Amino acid sequence: MIIGSHVSFTSTQLLGSVKEALSYGANALMFYTGAPQNTLRKEIDEELTEEAHALMKENNIERKNVICHAPYIINLANKKDPEKWQFSINFLKEELSRCEKLGVDYIVLHPGSSVGLPEKEAIQNIIDALNLSLENNPSCKILLETMAKKGTEIGSLEELKEIIDHVHSPLGVCLDTCHVNDAGYDIKDFDEFLKVFDEIIGLQYLFCIHLNDSKNPCASHKDRHANIGYGTIGFEVLDTIAHHPKLKDIPKILETPYVGESLEDKKRIYPPYYFEIKMLKERKWDDSLIEHIHEKYKLQ
Ligand code: FE
Ligand code: FE
Ligand code: ZN
C-alpha cells in the first residue's frame, strides 16, 4: 500500500516534509511549497533537496509518490480581471519550475471556480490558461483534482475530461474521495464507481488519490473532510480503496483534519496521520482514534 498524508513545508523544505512523513509511517507525501492560501514563496535550496532525495531513497519513498499541491488561490477559470488571470498563470509556471528544482513530478491543481461566468466560458478559460502555463513543456505533470462542486467550482469527472481533451500537453487526475462523494458520485460500490471513472476519463489518467472521509452526505456540495472512518463514507469503503489491486501503484494521500482542542487563545491541535495510516495498514478501524492522538501528542 502506498500511503501518506499532507505534510508541512517549512524552512527545511522538502527534507523536513520527508522527515514528517516518515514520523507518520508513510511512504508517500504531499506538500504545498508555502502557505496554501498565499503565493509568498522562498527560493528552493539545492542542498536540502539533495538531502531530501537521499532520505527518500534510504526509506524506499519513490519519487512518483511525492506530490506537490498548488495554492488554492490560483483561479484559472475566471478571466473577468485579466491581470488576476495572468497572475495565476505566471504563478503556476513558477510552481512548475519549483517542482522541477525539487525533483517532484506531479502537482495537484484545483481547476478553478467560474464565479458568475457561464460554465462553458470558465472551462475554456481553464483550457487556455493551462496551454499557456505548459508552453515550455515542464517535466512536472499537472493533476486536475476532482472537486466537490461547492459554490461555482469546476471539477466533475465530465468537466475534467473536457479540459484534458483540449489541453495540448498531457494532464493527469487526482481523485479526492470526499470531493466526489460531495459532488454526487456514489462511491460506496467502489468498483462500480471505478468503472464510471474509467468510462468518462480513463484509469490511465489517475496518478494520485486524496483519501478522505466526508462530514456530509453524497451530493451535499460541501467539501468538509472527516477523519478516516468518522464520516459518511466510512472505514470499509476507504480501506477498500487504500488496498484496491487496480490502484496499488497510486499514492493515497490523507487530508483529514487535525484533532484537538482550543486552549484559551492558543490552539493545540494534533495530526491524525500516524494513527490513520496504522488503521489502514492493519485494516482495522480504531474507534478510539481521537483519544489515541491526544495520548501521543499531549505528552510531548
Ligand atoms: Fe486539493
Ligand atoms: Fe483534496
Ligand atoms: Zn477538500
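The values are calculated or read from the model by the stated rules, or taken from the named source; none is laboratory data. Because the structure is predicted, anything quoted here is derived from the model rather than measured. Note: ideal-geometry Cβ built from the backbone for every residue, glycine included; neighbour counts use all protein chains shown. Just the protein is used for accessible areas: all its heavy atoms, side chains included, with ligands, DNA and RNA removed. Shrake-Rupley method; radii C 1.70, N 1.55, O 1.52, S 1.80 Å.
Points to keep in mind about this one:
- Verdict on LYS222 being under 24 Å from SER156 (Cα atoms), in contact (Cβ under 8 Å) with a residue 60 or more places away in the chain and open to solvent by 50 Å² or more (accessible area, probe 1.4 Å): yes
- Those residues of the stretch 79-101 which are free of Cβ contacts under 8 Å to residues at least 40 places away in the same chain and polar (S, T, N, Q), in sequence order: GLN86, ASN90
- With respect to the stated conditions, MET30 is closer than 29 Å to LYS278 by Cβ and touching a residue at least 40 places away in the same chain (Cβ under 8 Å).
- The stretch 32-73, subset open to solvent by 60 Å² or more (accessible area, probe 1.4 Å), of a type in the set (D, E, K, R) and within 18 Å of GLU94 (Cβ to Cβ), residue farthest from ligand 3 (Cβ to nearest atom): GLU46
- Any hit, the stretch 182-192, residues being more than 23 Å from VAL66 (Cα to Cα) and within 13 Å of ligand 2 (Cβ to nearest atom): yes
- Boolean, PRO170 is without any contact (Cβ under 8 Å) to a residue 40 or more places away in the chain and in contact with a strand residue (DSSP E or B) (Cβ under 8 Å, 6 or more places away or on another chain): yes
- So GLY16, is it more than 16 Å from ligand 3 (Cβ to nearest atom), at pLDDT below 95 and open to solvent by less than 30 Å² (accessible area, probe 1.4 Å): no
- Where strands (runs of 3 or more DSSP E) fall wholly inside the stretch 240-290, the ranges with 2 or more residues that are out of contact with any Pro (no Cβ under 9 Å at 6 or more places or on another chain) and surrounded by fewer than 15 Cβ atoms within 10 Å (Cβ to Cβ) are 259-263, 266-270.
- Taking first residues from the stretch 115-142 that are within 22 Å of ARG63 (Cβ to Cβ) and partners that are assigned to a loop (DSSP other than H, G, I, E, B) and acidic (Asp, Glu), the Cβ contacts under 6 Å between residues at least 6 apart in sequence or on separate chains come to CYS140/ASP105.
- Among residues of the stretch 145-202, those that are assigned to a loop (DSSP other than H, G, I, E, B) and either open to solvent by 10 Å² or more (accessible area, probe 1.4 Å) or of a type in the set (A, V, I, L, M, F, W, C) (or both), counted: 19
- Residues of the stretch 97-112 satisfying the condition of being assigned to a helix (DSSP H, G or I) and surrounded by 22 or more Cβ atoms within 10 Å (Cβ to Cβ): CYS99, LEU102
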